[in-house]
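Visitor: Mind having a look at this structure? Questions to follow.
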Amino acid sequence: GAWLDRLRAYLHENRKTAEETIQKRIPGLRAVKAEATYLLWLECLTHASGKDVAAHLKKTTGLILTPGNEYGRAGERFLRMNLACPRKTLHDGLERLIAGMSSL
């Protein structure tokens, strides 16, 4: 119904915000384009291990992202970010991501 349409639009805007912020402000990451889902995959361009990057982000900023290796070897250089959250939470997470990546 209408609530589902609103939810999809909200999630689409969250994805767009995250992708644009990462592209403009975090050169060490690349957001993987997707047509659906509320999960954003991030490729670590300057670090070989998403697991190490996730540990660093948690330790330095409190941001918890899922290391891609939890989904198999192909995910080794990736992180997964949940976009199904209020915009305030998304912006806070993106600022923590920027700060954490800049201190790597």
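Visitor: Under 12 Å from the 7 Å Cα→Cβ point of Thr37, by amide nitrogen: which residues of segment 51-81?
Guide: Within reach of a label on Thr37: 68, 71-72, 75, 79-81.
Visitor: Let me ask something else. Enumerate the amide H contacts of Arg77 below 5 Å, restricted to partners 5 or more residues apart or on another chain; note that Pro and chain-start residues carry no placed amide H.
Guide: Result for Arg77 returns Gly50.
Visitor: Compute for segment 27-88: radius of gyration divided by Kirkwood radius, i.e. Rg/Rh, restricted to C-alpha atoms, rounded to two decimals.
Guide: Ratio of gyration radius to Kirkwood radius: 0.96.
Visitor: Can you give me the distance in nm between label points at Ser103 and Trp3, each placed 7 Å from the Cα along the Cα-to-Cβ direction?
Guide: In this crude spin-label approximation the distance works out to 4.0 nm.
Visitor: Right, here's the next one. Straight-line reach from Lys24: which lysines fall under 23 Å, measuring Cα to Cα and dropping same-chain residues less than 8 apart?
Guide: Answer for Lys24, where 23 Å is the Cα cut-off: Lys16, Lys33, Lys58, Lys88, listed by chain and number.
Visitor: Taking only Cα atoms, what is the 0 to 90° angle, nearest 10, from helix 87-102's long axis to the longest principal axis of the chain?
Guide: 20 degrees
Visitor: Now for a different question. Counting only protein heavy atoms and using a 1.4 Å probe, what share of the accessible area of the chain belongs to carbon plus sulfur, as a whole percent?
Guide: The value for the chain is 54 percent carbon and sulfur by accessible area.
Visitor: Which value, in debye to the nearest 20, gives the size of the charge dipole of the chain about its Cα centre, when Lys and Arg are +1 and Asp and Glu are -1 at the Cβ?
Guide: In debye, rounded to 20, the chain gives about 100.
Visitor: Can I ask one more? So what is the accessible area of the chain per residue, in Å², with the probe set to 1.4 Å?
Guide: Each residue of the chain exposes 62 Å² on average to a 1.4 Å probe.
Visitor: Tell me the volume per residue, in Å³, of the convex hull enclosing the alpha carbons of the chain.
Guide: Spelled out: Cα convex hull of the chain, divided by residues, is 93 Å³.
Visitor: Can you compute the FRET efficiency between Asp52 and Arg25 using 1/(1 + (r/R0)^6), with r the Cβ-Cβ distance and R0 = 22 Å? Round to the nearest 0.05.
Guide: 0.60
Visitor: Could you run the Karplus curve 6.51 cos²θ - 1.76 cosθ + 1.60 with θ = phi - 60° over segment 28-35 and give me ³J(HN,Hα) per residue in whole Hz, x for Gly and Pro?
Guide: Result, ordered by residue: x, 10, 10, 6, 7, 5, 8, 8 Hz.
The values are calculated or read from the model by the stated rules, or taken from the named source; none is laboratory data. Bear in mind that the values here come from a model prediction, so they are computed numbers and not experimental data. Positions of Cβ are generated from backbone atoms using ideal geometry, with glycine treated the same way; all protein chains shown enter the neighbour counts. For the accessible areas, the whole protein counts, side chains as well, though only heavy atoms, and no ligand, DNA or RNA atoms are used. Shrake-Rupley method; radii C 1.70, N 1.55, O 1.52, S 1.80 Å.
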